[in-house]
Structure formats: C-alpha cells, structure tokens
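Some notes on the structure that comes next.
We did not get these values from a lab; they are worked out from the coordinates using the rules stated. Remember, predicted model here, so these are calculated numbers, not experimental data. Cβ placement follows ideal geometry from the backbone for every residue including glycine, while neighbour counts extend to all protein chains displayed.
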Amino acid sequence: MPALARPHRKETLELPPRRAIVAADTDVLVVGGGPAGLGAALGAADAGADVILAERYGFFGGNATASLVMPFMSYFTETPRPQRAGTKYLLPTDHGPGEPVIAGVLQRFVTRLIDEGGAMVPNLDTGYTVPFDPELFKHVALEMADDAGVHFLLHAFASGVVGDGRVEGVVFETKSGPLVVRARTVIDCTGDGDMAAQAGAPYEVGDNDGMVQPMTLLFRMAEFERTAFQAYARAHPDEWRGVHGLWSLVRSATATGELTLPREDILFFATPRERELAVNSTRVTRSVPVLGTDVWDLSYAEWESRRQMRQISAFLRRYVPGFEKAYLDQSGAGVGVRETRRFLGDYQLTEADVLSARKFDDVIARCSYPIDMHNPKGKGTVLKRLPPGEAYDIPLRALVPQKVEGLLVAGRCISGTHEAHSSYRIMPAAMATGQAAGVCAALAALRRRTPREIPVGDVQVELLRQGADLRGINP
C-alpha cells in the first residue's frame, strides 16, 4: 500500500503566529457532539447554564451517526438464561433482562427516538439493546439540543486551547477562519480527549505494550431476507450465536482466499428496518499499534477497513442464506475508533472495579456492560461479565483530569485502565458520564469555581433532579 506509507519527517517549519476571532463567550463549552457531548450539553443546559455545543461535522451523533455504530448496547443488568437460536432480531439473548442502570438524558433520548419511529423498544428479542436509525438519530439530537436552548457550532474542528494551567476557551478551525469560544468551563467530549491533551493533562494509551483495541468500519446491508437466515440458523445451531457466528463458512471462504480477515467470525446487528442489517466485522490490526490519534494510522485504517468491507459484503452474498440479493447500502463516513487516550483522573477505574461491581460514594453514573476486549493483534474477542443483576459505579473523580483546571472529560476518554475502558466505552455510558460532566460544569461556571471545587453531593442532587439513576443515592 505505497500510497499511504508513512512519509519520513524531513524538517520542522516555524509558522507565523495566527490571529483568531473571539466568536462567543459562554458558561459551558462542550467540544464534540457525540453521545457524551449530547449528554453534557443537555445536562448543563438543564442545570441552568448557557451552553455552546461544538461539532466538527454538520450533524450530531459522533460514532452513532458518522461511523454507524449501532445499536445502543445494553444498559440493563444481566441474568443468564438459555440461548434461543434464530431469534427475531438476531441479537444476544443469552443474558438479561434485568433492570436498566442508566436513565436521565439517555432515557429521554431513547424515548424520543422511539416516538419518532427511529428506534426499537429494548426487549427480549433485541437482547435489551436499542437498534436505531442513524438518520433519525441526527434529527432527534438537533431537536433536543434546540429545545433545551443549547447553541451549536457545526463544521468546527477543535485544534487548540486557550489558557495555561486552566482552560479558558478553545480554538476552532472553520470555513470562517480560526475562531475562539471562551468559556468558564470546558468539557472535552471528543472521544480522543484532544483538548485535554492540548491542555497538558496526563494520559495513557493502550495496554502495557501500547496496543489499543482495533478500529472498525461499520456498514449497512439492505434487502436482507431475515426469514431465510433464521431458517439457516435453526438448521445449523453451532453456526450462529446471538449476534455472531458463521465460523465454518468463514473458514471455507478463507481457504479459497475470498476472505482475509483478522477475525474468525461475522458480527451483525438488526436495525429498525426489517430488511436491513448493520455489519460490525471489519477489524484493523497490525503487529504495532494502529492509533486513532495518528493521521497516518487513520489513513491506513480507512484503506484497510474498506478493503475488508468489500470482501465481507461479497462473502455474505455468495455464502450466507438470506443475503443473495442484499447489497451494501451505506458505510460509515469514517472508521469507528474504540480506544485512544485515557486520561489520568483523580481516580482510575480498574478491571477489578468493573467485575466486582464496585460502588463509590461519588457515583455519577452506572454501567453494567461486560469487559469486551477485541484482540488488537488479530483474531479473538474476550468477554468477562459482571455478577448477575449487578452494575458498577463511575465516580465523579474519573471525569476530573489531573494537572488541569476548568476542564472535564466525558465519554470513552475518562480515567480508567485499558481493561475497564473496554466496558464503559459504550455509548449509553458515554451519554451518562456526559450528563454528569455537564451538571458539574454548569455548577462550576455559575458559581465561578473549578469543577474540582464542586461538592459531589451538589452534582448528585442535580443529577437526581434530572432523572439520573444513581442506585438510590439520597445525598
């Protein structure tokens, strides 16, 4: 792949200083309009703050819309039960249902999506995930932000921070030239923690060898014959489990050279459309890290994942009953990134915290999703589940990065180990940590304090008023 080979760095150029227009002042600036950013903006606005939500694309949703990461994974506690082959929506049914552990903004958002016909009610057949339509997701996100009085700045790529030691604003690259938005509190919801890194907050990347969970390009297949596939799954119970399988067919296509995938199975999810599926089967791996924060690695990931996508769609049509007339309808605008920076906060969540369902006095969100580790070097995925009926707490301290003031992080870049991150990286948890960051940021801005100075009890009271689930805490 010579066209995308990493060039050798020849020299460093000193560029002339730039001037930027101060476009706005606000109480809370949320950078990134994905699930975490939506939760943050709506939480901050509900707490009484003036809010600007900035997004690099022309729509909100982040990975949910730009990268077609769907559905919302389960935010219900799990109860083991027998597996049923060939379920209606081809989703995992070996665990659940239990109780939902995330409410607040997420609950309102899912309800709105369902009312608009853009999502399915989580139930036994969906494995208590929430299949949704990404186009209606965009619509609902814009409407909810507008209804809440959130101001938004689209087509704005965040490139730097203003302030030294305390973040006072963010620089955006736009078609209007560089703009600055000043804020009393900033929330980094970029996923990669770009602003926190610019501000000098310490972080970790990957496992002990620096390897991160692999990137995946998702895509949608239309004209899928569900009944034919279900018949195949029932006739071959060892070939399909919940949302993944086709092991022998993958081996056959691999032996002929038609498939060259760094995974041993095919994974796909239902959508609200009867004749459509979301395919989550590309996997970008290498013997060295492939980083979503490196432009050359991202370029490689886009090339490699689209190569795999073409192979997979052809494989499905040729080998798998129900796909004979199916076609590739849409791919993500960009590859989906699972893991990059994880910022060191005042507390770091661990694998032991997750698997023991640990509780914290400064809880601001909960999560019940298992440890879900995709092998960064090739085939294999490891799942480690929480005890039945349990969830773990996410503490406010995990949202407060060290060595920087005036800034909170939310979403997949909060403070946790490589292993813990594989659980809380899901979008429902991101929206919940976003809402909590929004509340804390609003209180800090309105009181002229830093987020670190806000009592957690005050944050919890406001979160409870907004309908969040904090396992019955009554501060």
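In degrees, nearest 10, range 0 to 90: what is the angle between the Cα axis of helix 295-319 and the longest Cα principal axis of the chain?
Relative to the chain, helix 295-319 is tipped by roughly 30 degrees.
What is the extension gain from Thr256 to Lys359, computed as 0.36 nm multiplied by their sequence separation minus the C-alpha to C-alpha distance, in nm to one decimal?
Gain on stretching Thr256 to Lys359: 32.0 nm.
Starting from the Cα coordinates of the stretch 219-331, work out the convex hull volume and express it per residue in Å³. Can you show the working numbers first?
Details: hull volume 12.7 nm³, N = 113.
For the stretch 219-331, the hull spanned by Cα atoms encloses 113 Å³ per residue.
Scale the Cα Rg of the chain by the rule-of-thumb value 2.2 N^0.38 Å and send over the ratio, two decimals.
0.95
Order the peptides 321-334, 100-113 from the highest to the lowest mean number of other Cβ atoms within 10 Å of their residues.
100-113, 321-334
Report, in listed order, any pair from Lys138/Lys379; Lys325/Lys377; Lys359/Lys403 with a Cα-Cα distance greater than 30 Å.
Numbers: Lys138/Lys379 33 Å; Lys325/Lys377 34 Å; Lys359/Lys403 26 Å.
From the list (Lys138/Lys379; Lys325/Lys377; Lys359/Lys403), the Cα-Cα distance tops 30 Å for Lys138/Lys379; Lys325/Lys377.
Would you work out the Kirkwood radius for the stretch 119-164? I mean one over the mean of 1/r across all pairs of different Cα atoms, in Å.
Working: mean 1/r = 0.0726 Å⁻¹.
Final number for the Kirkwood radius of the stretch 119-164 is 13.8 Å.
Using a simple spin-label model with points 7 Å from Cα along the Cα→Cβ vector, what separation in nm is obtained for Lys325 and Lys379?
Using points 7 Å along Cα→Cβ, the separation is 3.4 nm.
Rank by packing, highest mean first: peptides 287-300, 138-151, 391-404, with packing defined as the count of other Cβ atoms within 10 Å averaged across residues.
Put in order of decreasing packing, that is 391-404, 138-151, 287-300.
Please report the antiparallel percentage of the DSSP beta bridges confined to the chain, to the nearest 5.
About 65 percent, rounded to the nearest 5.
Compute the long axis of helix 226-235 from its Cα atoms, compare it with the longest principal axis of the Cα atoms of the chain, and write down the angle in degrees, 0 to 90, nearest 10.
The helix 226-235 is inclined about 60 degrees to the chain.
Counting other Cβ atoms within 10 Å, which trypsin sites (Lys or Arg not before Pro) in the stretch 155-227 have at most 10 and lie in a DSSP loop?
Details: sites: Arg166, Lys175, Arg182, Arg184, Arg220, Arg226; in loops: Lys175.
Sites meeting the loop and neighbour criteria: Lys175.
Kindly provide the Kirkwood hydrodynamic radius of the stretch 35-79 in Å, to one decimal, from all pairs of distinct alpha carbon atoms. List each step's numbers first, then the result.
Values: mean 1/r = 0.0806 Å⁻¹.
The Cα-based Kirkwood calculation yields 12.4 Å.
Over the Cα atoms of the stretch 229-291, what radius of gyration and what Dmax do you get, in Å?
Computed over the Cα atoms of the stretch 229-291, radius of gyration and Dmax are 13.8, 41 Å.
For the stretch 362-475, what value does the Rg/Rh ratio take when both radii are computed over Cα atoms and Rh is the Kirkwood radius, given to two decimals?
Using only Cα positions, Rg/Rh for the stretch 362-475 is 1.02.
Helix 427-447 sits at what angle to the longest principal axis of the chain, using alpha carbons and giving 0 to 90 degrees rounded to 10?
10 degrees
From the residues Val295, Ala231, Phe315, which one has its Cα farthest along the dipole of the stretch 219-331 in the positive direction, the dipole being from +1 and -1 charges on Cβ of Lys/Arg and Asp/Glu about the Cα centre?
Result: Ala231.
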